[in-house]
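Data first, discussion second: the structure below is written as structure tokens.
The values are calculated or read from the model by the stated rules, or taken from the named source; none is laboratory data. Please read all numbers here as calculations on a predicted model, not as lab measurements. FYI the Cβ positions are ideal-geometry reconstructions off the backbone, even for glycines, and counts take in every protein chain you see.
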2 protein chains.
Amino acid sequence: MLTIPLIQIGFGGVGRAVVERVLDARDEFEWRMGLEFEYVALCDSAGAVIDQNGLSPGTLRRLLEHKRQGRSLAESEVGYRHEGLLDIVDLAGSPEAIVIDVTASDDTVPALQLALDRGYAVVLANKKPLAGPIEVFREFTGSGRLRYEATVGAGVPVIATLQEALLASHDTVHHIEGCFSGTLGYLTTGLEQGVAFSQLVGQAHAMGYTEPDPRDDLGGMDVARKALILGRTLGWPLELEHVEVEPLYPAELGEGSVEDFMNAIETLDESYRQRVQAAREQGSVLRYVASLQGSEARVGLQTVPQDSPLGRLQGTDNLITFHTEVYNETPLVLQGRGAGVHGTAAGVVADIVALARCRK
Amino acid sequence: MLTIPLIQIGFGGVGRAVVERVLDARDEFEWRMGLEFEYVALCDSAGAVIDQNGLSPGTLRRLLEHKRQGRSLAESEVGYRHEGLLDIVDLAGSPEAIVIDVTASDDTVPALQLALDRGYAVVLANKKPLAGPIEVFREFTGSGRLRYEATVGAGVPVIATLQEALLASHDTVHHIEGCFSGTLGYLTTGLEQGVAFSQLVGQAHAMGYTEPDPRDDLGGMDVARKALILGRTLGWPLELEHVEVEPLYPAELGEGSVEDFMNAIETLDESYRQRVQAAREQGSVLRYVASLQGSEARVGLQTVPQDSPLGRLQGTDNLITFHTEVYNETPLVLQGRGAGVHGTAAGVVADIVALARCRK
């Protein structure tokens, strides 16, 4: 039996789903894989609950319950420490440790760096550390001890397929195309059905499918970061500013409050209606596509044939097509739910297990 | 740099493609992964060319050329030995070795067993060893040193996704459905387009898309073995005779010569035409589907909604849908070329690299 200490940074929706999944799988990990995972630190933005002997399942479940009630880790009765992340990694770590970053912040980079320097492994659901300067991407991924499945397509094994099925088998990737945003998939499916753009954005916003400011989705930057991570995984020397991004609203609507924005988007309805119509006349549909080819990445609304994997995609699923030397006549295609706490947590746990198995 | 000795059993189309791929990727493996692969034995049905110091790239290329000209390994001028497989594994092996089985035979089982007992790793494109008695499947996979991606869907990462994305993340698989035969995909697509069954079988046979006796494809046993391997990977205690198989021809056509069979299948055209028509009236199409649910596996012609992943599949691609706890509203779907020497060789090489990386 190998015991792997876990240090988790972030305890929001995904963070809680990861802890729950690790707890629920305890027996299976032990009996089927000979692995035991022990949380030694659980961090939020202000500090951490730490126990070098491992937080007990009972304590973890109390912290989960506590958090569900909307309270912070610091308010828990379990010894919370206000140290910074670097100190926590130092305090809690051991060479077999795995550090899990389920935040959405750049601030974790120094702690992840320290963890890798110490020989720990790292699992990211957080895209930011891999979407900053390329030197950080290269150093982190070059360690051979970092996995980041959940950064693209949540639990859909996009990164594993690219790295372990395609690149490792010496296939040559010519071209990647994909839809990596459930929210934008919902929008383009609605547009195709004749619903007005403003109505779709209003609905998605009201139902909480978008960020509080829907421009954070409609601007395409989240998709651009995913395209960047894929391009860099292919070995391309890309920076985020090299990714050509077409936002779904004109620059002048980028200013002002969310309310202003929501009131103004009706002015876009007619032009979207026309684009959908023009696409339909060519047997095509609009999709918000990330496209990687010839060392360049583009993200934007594209006209794709209705009768193609991207054209047939409906609703909020993610889809990726790999056009390669081996998959030349038809691409290798992966499709599935690419967002949500459970899918993302599943991607994180798959990475934890992959790293742990390799350490056995 | 870690040097991994390779012992390959089988030097047909897939076997040659594996050797070529390993040779072509030498630099990349060395520089990007710090791995060096060295063929210490290359076996065919009667013996092997062995060099414990590693067959040089030049020698390997000579053997490839030699084989392309239709000659056997034994006729090569490189020291061929007529030992049996057990002796060859003994002669050539070392604990870091990886044994690759790209035959289509049961006869390799004792040699694979010996290799695993000695601590070597094993990669299978050969389905037979995993489709025999379940004890062998359990012993082989239980070693943690066996990979078998290419046995289902060639290079499409079906097994890796099931094991490493779904099972390892503690997702629960409720139901798997897939099309795992390019030949039968070609047939059902043709039937949908109104072509007669006998004409499709005749064409596929003439173009070499089927086995020499097309009943070997139409009987469904190859698909049944893939379903069996998936079911066993899920942990189900299945035997091949438990897989319910619907052949595409009636039992009475199972007797007699290939010529008799080809002459008789016109009698099936009308009944297939009617089945296609009946399906169409319900908005459905026919697909040759492997279906796993509730610890049971079935393989046969099924009516599936036209507007579903399986219904939209056209031509010879393979497709698999995983319906799980995480992928509950829409399944996780993988699609791609599931046959051919290059896809299969890519699956084998991906497995070799995965095993080698874990040994680093």
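Scanning the range B:161-198 for residues that are out of contact with any strand residue (DSSP E or B) (no Cβ under 8 Å at 6 or more places or on another chain), within 14 Å of chain A (Cβ to nearest Cβ) and within 22 Å of B:L313 (Cα to Cα) yields a count of 2. If you go through the range A:135-157 and keep only what is β-branched (V, I, T) and either in contact with a Pro (Cβ under 8 Å, 6 or more places away or on another chain) or more than 10 Å from chain B (Cβ to nearest Cβ) (or both), you end up with A:V136, A:T141, A:T151, A:V152.
Among the listed residues B:L130, B:L55, B:L91, identify the single one that is at negative phi, surrounded by 14 or more Cβ atoms within 10 Å (Cβ to Cβ) and in a loop (DSSP other than H, G, I, E, B). Answer to the check: B:L55.
Based on what the data block shows, is B:G155 in contact with an Asp or Glu (Cβ under 9 Å, 6 or more places away or on another chain), surrounded by fewer than 23 Cβ atoms within 10 Å (Cβ to Cβ) and part of a loop (DSSP other than H, G, I, E, B)? It would help to see each step written out before you state the result.
Details: in contact with an Asp or Glu (Cβ under 9 Å, 6 or more places away or on another chain): yes; surrounded by fewer than 23 Cβ atoms within 10 Å (Cβ to Cβ): no; part of a loop (DSSP other than H, G, I, E, B): yes.
Spelling it out, it is not the case that B:G155 is in contact with an Asp or Glu (Cβ under 9 Å, 6 or more places away or on another chain), surrounded by fewer than 23 Cβ atoms within 10 Å (Cβ to Cβ) and part of a loop (DSSP other than H, G, I, E, B).
Within the option set B:L355, B:L332, B:L313, being of a type in the set (A, V, I, L, M), out of contact with any Cys (no Cβ under 8 Å at 6 or more places or on another chain) and not assigned by TED's automatic domain parsing to the domain that holds B:R147 holds for one residue only, B:L332. Under the condition of being within 14 Å of A:Q306 (Cα to Cα) and not charged (D, E, K, R), the residues counted in the range A:262-288 number 10. Away from chain B (no Cβ under 11 Å) and either among the small types (G, A, S) or in a loop (DSSP other than H, G, I, E, B) (or both): which single residue out of A:A290, A:A345, A:A354 fits that description? When all the criteria are applied, what remains is A:A290. For the range B:113-127, the set of residues classified as of a type in the set (A, V, I, L, M) and surrounded by 23 or more Cβ atoms within 10 Å (Cβ to Cβ) consists of B:A115, B:A121, B:V122, B:V123, B:L124, B:A125, listed by residue number. Please list, ordered by first then second residue, the pairs with beta carbon atoms under 7 Å, 6 or more apart or interchain, first in the range B:135-153 and under 18 Å from B:I320 (Cβ atoms) and in contact (Cβ under 8 Å) with a residue 60 or more places away in the chain, second acidic (D, E) and part of a helix (DSSP H, G or I). Correct list of pairs: B:R147/B:D351; B:E149/B:D351.
Filtering B:E38, B:E65 for residues that are closer than 17 Å to B:V78 by Cβ, among the acidic types (D, E) and modelled with pLDDT of 95 or more leaves a single hit, B:E38. Is it true that some residue in the range A:333-342 is closer than 30 Å to A:E96 by Cα, within 14 Å of chain B (Cβ to nearest Cβ) and in a helix (DSSP H, G or I)? The answer is yes, given that some residue of the range A:333-342 is closer than 30 Å to A:E96 by Cα, within 14 Å of chain B (Cβ to nearest Cβ) and in a helix (DSSP H, G or I). If you check A:S94 against the conditions, is it modelled with pLDDT under 95, among the polar types (S, T, N, Q) and more than 21 Å from A:P5 (Cα to Cα)? No; evaluated as a whole, the condition is false for this residue. In the range A:168-273, counting only helices (runs of 4 or more DSSP H) that sit wholly within it, the ones holding 3 or more residues that are in contact (Cβ under 8 Å) with a residue 60 or more places away in the chain, in the same structural domain as A:P331 (by TED's automatic domain parsing) and not polar (S, T, N, Q) span A:182-192, A:197-206, A:221-233. Just one of the numbered conditions (1) in a helix (DSSP H, G or I); (2) in the same structural domain as B:F261 (by TED's automatic domain parsing); (3) touching a residue at least 40 places away in the same chain (Cβ under 8 Å) is not true of B:Q163: (2). Within the range B:280-308, being more than 18 Å from B:L162 (Cα to Cα), over 21 Å from the mean Cα position of the chain (by Cα) and not small (G, A, S) holds for B:R280, B:E281, B:Q282, B:V285, B:L286, B:Q302, B:T303, B:V304, B:P305, B:Q306, B:D307.
If you check A:G347, A:G336, A:G315 for being in contact with a Ser or Thr (Cβ under 9 Å, 6 or more places away or on another chain), closer than 30 Å to B:Q163 by Cα and loosely packed, with under 14 Cβ neighbours inside 10 Å, only one passes: A:G315. Only one of the listed residues (B:L91, B:L85, B:L116) is free of Cβ contacts under 8 Å to residues at least 60 places away in the same chain, within 30 Å of B:E239 (Cα to Cα), hydrophobic (A, V, I, L, M, F, W, C) and in contact with an Asp or Glu (Cβ under 8 Å, 6 or more places away or on another chain). That residue is B:L116. Hey, any hits in the range B:315-323 for a residue that's out of contact with any helix residue (DSSP H, G or I) (no Cβ under 7 Å at 6 or more places or on another chain), under 25 Å from B:L240 (Cβ atoms) and free of Cβ contacts under 8 Å to residues at least 40 places away in the same chain? Within the range B:315-323, none of the residues are out of contact with any helix residue (DSSP H, G or I) (no Cβ under 7 Å at 6 or more places or on another chain), under 25 Å from B:L240 (Cβ atoms) and free of Cβ contacts under 8 Å to residues at least 40 places away in the same chain.
When each of A:E296, A:E329 is tested for being acidic (D, E) and more than 9 Å from chain B (Cβ to nearest Cβ), the lone residue that passes is A:E296.
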